[in-house]
Amino acid sequence: VTQQEHVQMLRYEAGEHYSAHHDAFDMTAHGLFNRLATVFFYLTTVNVGGHTNFPRAGGLPQPHDFFDCSRGLSVAPKEGRIIIFYSLDAAGYIDYYSLHGGCDVGSGETKWSANKWIWNTPMGYTKD
């Protein structure tokens, strides 16, 4: 348990989104300490929008528009659904295919979710 951060609650209202990004950090700035994986919990069902999009899924090239949710793989927000994905590859380097973002939430909708980041080494966020 010492290799995980506390759970973070997220709320996205209609029209809100999170542009595509990586959860891991540049190793030149952070050294060997990095976020290994993300556990993402959907706490509500969103009927319109709010998908989590992985624009580089399946080996796609780097997108030019980090707000475009039309390419790659999109996971619909359904209450109780959990997705887990790695931010680092087997050698401990950033997995650039883990690029992901939160798509626009539809009109009249609210998306509640939570995330937990797992690190590749004990970080002291929690105690055993």
(message) Yes or no: the stretch 54-65 includes at least one residue that is surrounded by 16 or more Cβ atoms within 10 Å (Cβ to Cβ) and assigned to a strand (DSSP E or B).
(response) yes
(message) Please go through the stretch 72-94 and give me each residue that is surrounded by fewer than 18 Cβ atoms within 10 Å (Cβ to Cβ), touching a residue at least 12 places away in the same chain (Cβ under 8 Å) and more than 22 Å from residue 11 (Cα to Cα), ordered by number.
(response) 86, 92, 93
(request) Could you tell me which numbered condition residue 121 fails, if it satisfies all but one of (1) farther than 19 Å from residue 15 by Cβ; (2) open to solvent by 40 Å² or more (accessible area, probe 1.4 Å); (3) β-branched (Val, Ile, Thr); (4) not in a strand (DSSP E or B)? (result) (2)
(request) Return yes or no: is residue 40 under 13 Å from residue 111 (Cα atoms), open to solvent by less than 60 Å² (accessible area, probe 1.4 Å) and within 13 Å of the chain's Cα centre (by Cα)? (result) yes
(message) Being in contact with a strand residue (DSSP E or B) (Cβ under 7 Å, 6 or more places away or on another chain), hydroxyl-bearing (Ser, Thr, Tyr) and surrounded by fewer than 19 Cβ atoms within 10 Å (Cβ to Cβ) is the requirement here; does residue 28 meet it?
(response) no
(message) Being at negative phi, touching a Cys at 6+ places or on another chain (Cβ under 7 Å) and not basic (Lys, Arg) is true for just one of 51, 6, 21. Which residue is that?
(response) 51
(message) Filter the stretch 13-66 down to the residues that are of a type in the set (Asp, Glu) and in contact with a Lys or Arg (Cβ under 7 Å, 6 or more places away or on another chain) and list them by number.
(response) 23
(request) Give just the number: which of (1) hydrophobic (A, V, I, L, M, F, W, C); (2) assigned to a loop (DSSP other than H, G, I, E, B); (3) closer than 19 Å to residue 90 by Cβ does residue 1 not satisfy? (result) (3)
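Rundown of residues vs (1) among the small types (Gly, Ala, Ser); (2) modelled with pLDDT of 95 or more, yes/no style:
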| site | (1), (2) |
| --- | --- |
| 6 | no, no |
| 9 | no, yes |
| 14 | yes, yes |
| 20 | yes, yes |
| 33 | no, no |
| 39 | no, yes |
| 43 | no, yes |
| 48 | no, yes |
| 53 | no, yes |
(message) Need the failing condition index for residue 101 against (1) loosely packed, with under 12 Cβ neighbours inside 10 Å; (2) assigned to a strand (DSSP E or B); (3) not acidic (Asp, Glu), just the number.
(response) (1)
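The values are calculated or read from the model by the stated rules, or taken from the named source; none is laboratory data. Source: prediction; values computed, not measured. As a convention, Cβ positions derive from the backbone with ideal geometry for all residues, glycine included, and neighbour counts pool all protein chains shown. Ligands, DNA and RNA are excluded from the accessible area calculation, which covers all protein heavy atoms including side chains. Shrake-Rupley method; radii C 1.70, N 1.55, O 1.52, S 1.80 Å.
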